[in-house]
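Participant: The structure's right below; bear with me while I get my questions together.
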Ligand SMILES: [Mn+2]
């Protein structure tokens, strides 16, 4: 493993071409919960994690083009050793990161002092600039650092570009995250039943992740039953699942900082009934054809547009939208039912860095606003593919939207469906040299497979 991190650092230094100046990549400090003596769960900055392989708070990876890399690591105080345990020995950190110089953060001030007057690029967590004392720097201002923001932006963008292409070690972790996600989703598919709360279903799913080797969830799990399925980032509540409804579960396990991101939608009963079945089939077809379109060189935005077109076409056929699908997409009318992007980059963050190619800015159009990936795909990238159809009262009861799209929607039909909720199907897709590998392919999504699991779970 240390070789992998050394290779990343070599590549970063090569792309950076820093002639004069130094680079600091802080991991971040614990964020206190206001009004308590507790802190939020710590997440190391992905740039620090990626370049060092370490994810501990209070550390700074430093680069000086003349002498290479130094890791300044926090050494636990006596009090911290009493309450939280000891920090990892510096020699151990040297062996794990492949960095020869691992020093206590107490040495960082002197290191900076020796480079006084040189430009300093801070990437990683910028909290170093606000809370230098957290990194053992007593008098940051006295060091007169020449913080070069333009340089920092360029270096950070270079790391984001590198992070798009996952190396073998990263893919191995993402496969483990996908396997843990599978364990959790299988538990959900078997255990969901009427009378169970969203929260209880969340607990079963997350227990599945943790038993399968995940240390935490990659993001706050979404479990929305019935109408709650139409809230894109819904946090599970004590609402009980009701027969005849759908439940949407968007939950992913994290392994060593690497995310998986998976959505499955299934009936609370054993079978999809009526319109639920038609809508599910439509979302599944759109998702599978988008996955089939994943290949090196393909523009992610084109996949999104094609999926939007297919969704509009399907909704017209189901009598929910009206008109010519191409015109509907041109007018962003499909976004009434599919108001988010087809997916995003995935890695050390759930919405991973580097999603937009340099020079491309997110559109403010209703149908493109939340497109989080806009770049040509290349081997090694991992993206999610997650189309959905939702009945979102906030959009569908808006008088303004109803007037703009008066002729594009069968409104009396929609009025009767405002409590339906939503359907989303999401997988994690690794772009290969020839096409795509679905990292989460072992998590059932076909109608038959889902109904078989539901029937088995319900003992029917
Ligand atoms: Mn996602």
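Participant: Regarding segment 363-370, can at least one residue be identified that is in the same structural domain as residue 397 (by TED's automatic domain parsing), within 15 Å of the ligand (Cβ to nearest atom) and within 12 Å of the chain's Cα centre (by Cα)?
Facilitator: no
Participant: Another question, if that's okay. Among 85, 117, 58, 106, which is in contact with a strand residue (DSSP E or B) (Cβ under 9 Å, 6 or more places away or on another chain), under 24 Å from residue 257 (Cβ atoms) and assigned by TED's automatic domain parsing to the domain that holds residue 27?
Facilitator: Working: 85 fails: in contact with a strand residue (DSSP E or B) (Cβ under 9 Å, 6 or more places away or on another chain); 117 fails: under 24 Å from residue 257 (Cβ atoms); 106 fails: under 24 Å from residue 257 (Cβ atoms).
Just one listed residue meets the conditions, 58.
Participant: Hey, does segment 193-216 have a residue that's within 15 Å of the ligand (Cβ to nearest atom) and surrounded by 21 or more Cβ atoms within 10 Å (Cβ to Cβ)?
Facilitator: no
Participant: Of all residues in segment 274-284 being surrounded by fewer than 21 Cβ atoms within 10 Å (Cβ to Cβ) and closer than 18 Å to residue 418 by Cβ, which is nearest to the ligand (Cβ to nearest atom)?
Facilitator: Per the stated criteria, the residue is 276.
Participant: Among (1) surrounded by 21 or more Cβ atoms within 10 Å (Cβ to Cβ); (2) touching a helix residue (DSSP H, G or I) at 6+ places or on another chain (Cβ under 8 Å); (3) outside any helix (DSSP H, G or I), which single condition is residue 50 missing?
Facilitator: Just one mismatch for residue 50, condition (3).
Participant: Residues that are at pLDDT below 95, within 24 Å of the chain's Cα centre (by Cα) and surrounded by fewer than 14 Cβ atoms within 10 Å (Cβ to Cβ): find the helices (runs of 4 or more DSSP H) completely inside segment 77-190 holding 2 or more of those.
Facilitator: none
Participant: Can you pull out the residues in segment 303-347 that are in a strand (DSSP E or B) and either within 14 Å of the ligand (Cβ to nearest atom) or not assigned by TED's automatic domain parsing to the domain that holds residue 414 (or both)?
Facilitator: 345, the sole residue that qualifies.
Participant: Still on this structure, I have one more. Only one of 413, 454 is in a helix (DSSP H, G or I) and touching a strand residue (DSSP E or B) at 6+ places or on another chain (Cβ under 9 Å); which?
Facilitator: After applying the criteria, what remains is 454.
Participant: Now for a separate question. Would it be correct to say that residue 350 is under 26 Å from residue 221 (Cα atoms), outside any loop (DSSP other than H, G, I, E, B) and within 16 Å of the ligand (Cβ to nearest atom)?
Facilitator: Here the answer is no, as residue 350 does not meet what is asked.
Participant: Another one. Condition (residue is away from the ligand (no atom under 16 Å from the Cβ) and within 23 Å of residue 447 (Cα to Cα)) applied to segment 255-267: is it met by at least one residue?
Facilitator: Kept after step one, since they are away from the ligand (no atom under 16 Å from the Cβ), are these residues of segment 255-267: 255-257, 266-267.
Add one more test, that the residue is within 23 Å of residue 447 (Cα to Cα), and what stays is 266-267.
The answer is yes, given that some residue of segment 255-267 is away from the ligand (no atom under 16 Å from the Cβ) and within 23 Å of residue 447 (Cα to Cα).
Participant: Which one of these is touching a strand residue (DSSP E or B) at 6+ places or on another chain (Cβ under 9 Å), in the same structural domain as residue 247 (by TED's automatic domain parsing) and touching a residue at least 60 places away in the same chain (Cβ under 8 Å): 373, 419?
Facilitator: Only one candidate qualifies: 373.
The values are calculated or read from the model by the stated rules, or taken from the named source; none is laboratory data. Note that the structure is predicted; figures quoted are calculated from it, not measured. Methodologically, a virtual Cβ is constructed for each residue, glycine included, from the backbone with ideal geometry; neighbour enumeration extends over all protein chains shown.
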